[in-house]
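These notes are about the structure you will find just below.
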Amino acid sequence: MSPIYISNRKFNYNTLFNSFLIFILYSYYIKMSMYSNGTIKSVIIDPTNYRVNSRAEFKLDGERLYKTDLKLVNVGVNSATSTPYNKLAGVAGIVKRIALLDGKTELDSCNECHRYYAFKQLLAENAGNESMSRYLVHNGQGLRTSEQDKKLVNLVQPANIKGDDSTPEGTIDLRDMLPLLRSMDLLDAGKTFPNLRLQVEFETDDRLKVSDVSTLSSTLEPLLLADVIEDPTIMASMQKGMPSMVQFNKVEHDMFHVPQAKADNVAVTATTQTVNKKVRGFDNKRIGRLLAIKTYSNKDKSKSDDAIDDIGDMGSIACYDEIFNVRVNGKNILARKGNDKAPNARLAMLCDAYGDMASYFGSNLISILGNDKQVADGVNKTGRLDYFGIVVNETIQDLQISYDRTHLASDNGSAGTTAQKAAAIKVKANVGIDVHLYGEVAKVLSISPNGYNVAYV
């Protein structure tokens with residue numbers, strides 16, 4: 001292996017790697033020893049307020065330091081019908097809003113967080129989804145090629161919800177919903193945040209939570225799992241080393257509506273629909289990345305009878321010949337009219353902004369011949385994961401979104417034959433949609449001996 005030179009001194013790659021490995025192992029040893037000697041202990045916190053199918057609240061109080069790797073456990077629902085959770089979001093489909101507060105001061109929050117969390121599952125490695133998320137979150141992600149028919153398939157099916165104590169319960173890492181927690185190591189409940197509490201609001205629509213809605217579900221009472229430090233001497237030492245300023249990207253939500261231009265049961269010609277919307281939810285805020293998720297306005301479009309079609313309304317549905325553009329402070333982010341109509345060009349832009357995506361053939365296409373030969377249940381899976389994402393990096397004074405799509409000509413025949421079913425699926429590209437926008441908004445938490453302040457950058 002070739003040596004490298006730093007400041008006229010020769011180093012070997014092996015030496016550098018070994019030193020790095022020793023550092024990692026030593027850090028791990030120190031961390032584990034803090035658990036084994038009782039410096040850090042794990043506690044389970046019951047909700048101080050819980051209403052089934054509505055909300056839960058937890059208090060993180062006392063003279064202690066909380067590590068920020070907080071986890072919501074025992075998350076799930078009971079149902080008289082044996083059914084999996086939503087195949088993309090898993091148990092996270094139950095959580096609609098989450099907020100971390102100190103008294104009445106909001107430190108961080110996320111609205112419509114289940115859709116954002118579902119998208120983040122796609123940014124994880126496929127192997128991680130299959131080996132971990134499937135058992136922690138109880139979603140249906142993680143694909144392999146079947147040895148029998150060579151199709152992409154979920155070899156391990158998620159566990160089913162039942163109406164008894166055997167119902168699978170999931171775990172949600174709150175750092176995936178509250179970025180402040182990932183930007184800090186500790187929360188000082190005794191000194192800095194004396195009235196620390198966590199609020200969780202539940203999704204009430206079963207069509208977003210489970211795969212069969214023939215019977216109503218009821219939420220399980222969740223618990224909060226936290227690692228804490230209570231030794232006064234160690235607390236005092238760690239408090240001295242805590243940063244006075246923490247910058248993080250809060251995930252904020254807004255949305256707009258694209259109306260249905262043609263009735264479902266009327267044959268239409270291919271016509272372009274153009275919608276221009278001014279979005280006010282990000283005014284006077286600096287946005288890093290912006291994500292658009294397209295969902296049915298009528299949630300019944302996401303199911304057939306009582307069965308949810310694949311991931312239902314928790315993904316982002318594809319329409320035909322879509323063009324997005326983002327206009328910030330009077331200037332278009334994208335050249336000319338906007339992104340290329342080609343779905344894969346839009347996918348490439350998304351990956352440039354958010355990283356690689358664990359997806360499958362046809363996931364971002366309105367229709368594709370032969371997808372059922374490439375992907376198990378390919379007809380249902382087609383067009384479920386068509387997102388738009390872009391890097392903005394601007395402080396917003398005026399934000400406008402332009403969106404074009406082309407209506408598909410279809411007779412929308414009644415369900416029955418293969419051709420009739422295909423027509424019915426096609427026409428869903430013409431229905432009214434809600435476009436959910438998630439912007440990463442820069443905020444800063446400043447801590448001083450006299451208190452703290454949370455502000456937009």
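The values are calculated or read from the model by the stated rules, or taken from the named source; none is laboratory data. The shown structure was predicted, so the numbers you read here are calculated from the model rather than taken from an experiment. As a convention, Cβ positions derive from the backbone with ideal geometry for all residues, glycine included, and neighbour counts pool all protein chains shown.
See the values below:
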| read-out | value |
| --- | --- |
| Residue match in the stretch 365-376 (condition: under 21 Å from LYS428 (Cα atoms), modelled with pLDDT of 80 or more and either assigned to a loop (DSSP other than H, G, I, E, B) or assigned by TED's automatic domain parsing to the domain that holds GLY140 (or both)) | yes |
| Residue check, GLU221 part of a loop (DSSP other than H, G, I, E, B), within 26 Å of THR48 (Cα to Cα) and charged (D, E, K, R) | yes |
| Which listed residue is within 22 Å of MET314 (Cβ to Cβ) and either buried (at least 18 other Cβ atoms within 10 Å of the Cβ) or of a type outside the set (Asp, Glu) (or both), from ALA376, ALA348 | ALA376 |
| Whichever residue in the stretch 379-402 is in contact with a Lys or Arg (Cβ under 9 Å, 6 or more places away or on another chain) and surrounded by 21 or more Cβ atoms within 10 Å (Cβ to Cβ) and, among such residues, is farthest from SER146 (Cα to Cα) | LEU399 |
| Every residue from the stretch 86-111 that is surrounded by 19 or more Cβ atoms within 10 Å (Cβ to Cβ), among the hydrophobic types (A, V, I, L, M, F, W, C) and assigned to a strand (DSSP E or B) | VAL95, ILE98, ALA99, LEU100, LEU107, CYS110 |
| Residue list for the stretch 380-427, restricted to those being at pLDDT 95 or above, assigned to a loop (DSSP other than H, G, I, E, B) and hydroxyl-bearing (Ser, Thr, Tyr) | TYR387 |
| Residues that are surrounded by fewer than 17 Cβ atoms within 10 Å (Cβ to Cβ) and assigned to a loop (DSSP other than H, G, I, E, B), drawn from the stretch 128-150 | SER146, GLU147, GLN148, ASP149, LYS150 |
| Elements of type strands (runs of 3 or more DSSP E) contained in the stretch 232-350, each with 1 or more residues being at pLDDT below 90 and of a type in the set (Val, Ile, Thr) | 272-279 |
| Close pairs from the stretch 243-258: first under 30 Å from HIS407 (Cβ atoms), partner crowded, with 17+ Cβ neighbours inside 10 Å and of a type in the set (Ser, Thr, Tyr), Cβ under 8 Å, at least 6 apart | HIS253/TYR116; HIS253/TYR438; VAL258/TYR403 |
| The stretch 204-222 residues that are within 14 Å of ASP306 (Cβ to Cβ), paired with ones that are charged (D, E, K, R) and surrounded by fewer than 19 Cβ atoms within 10 Å (Cβ to Cβ) (beta carbon under 6 Å, 6 or more apart) | ARG207/LYS299; ASP212/ASP306; VAL213/ASP306; SER214/ASP306 |
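The rows are residues; the columns are (1) under 17 Å from the mean Cα position of the chain (by Cα); (2) on the phi > 0 side of the Ramachandran plot.
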position	(1), (2)
VAL75	yes, no
TYR85	yes, no
VAL95	yes, no
GLY103	no, yes
ASP108	yes, no
ALA124	yes, no
HIS138	yes, yes
LYS151	no, no
ALA159	no, no
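Listed here are the residues, each with its yes/no results for (1) exposed (fewer than 15 other Cβ atoms within 10 Å of the Cβ); (2) among the hydroxyl-bearing types (Ser, Thr, Tyr); (3) in contact with a His (Cβ under 9 Å, 6 or more places away or on another chain).
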position: ILE234; (1), (2), (3): yes, no, no
position: SER237; (1), (2), (3): yes, yes, no
position: ASN249; (1), (2), (3): no, no, no
position: LYS262; (1), (2), (3): no, no, yes
position: THR271; (1), (2), (3): yes, yes, yes
position: LYS285; (1), (2), (3): no, no, no
position: MET314; (1), (2), (3): no, no, yes
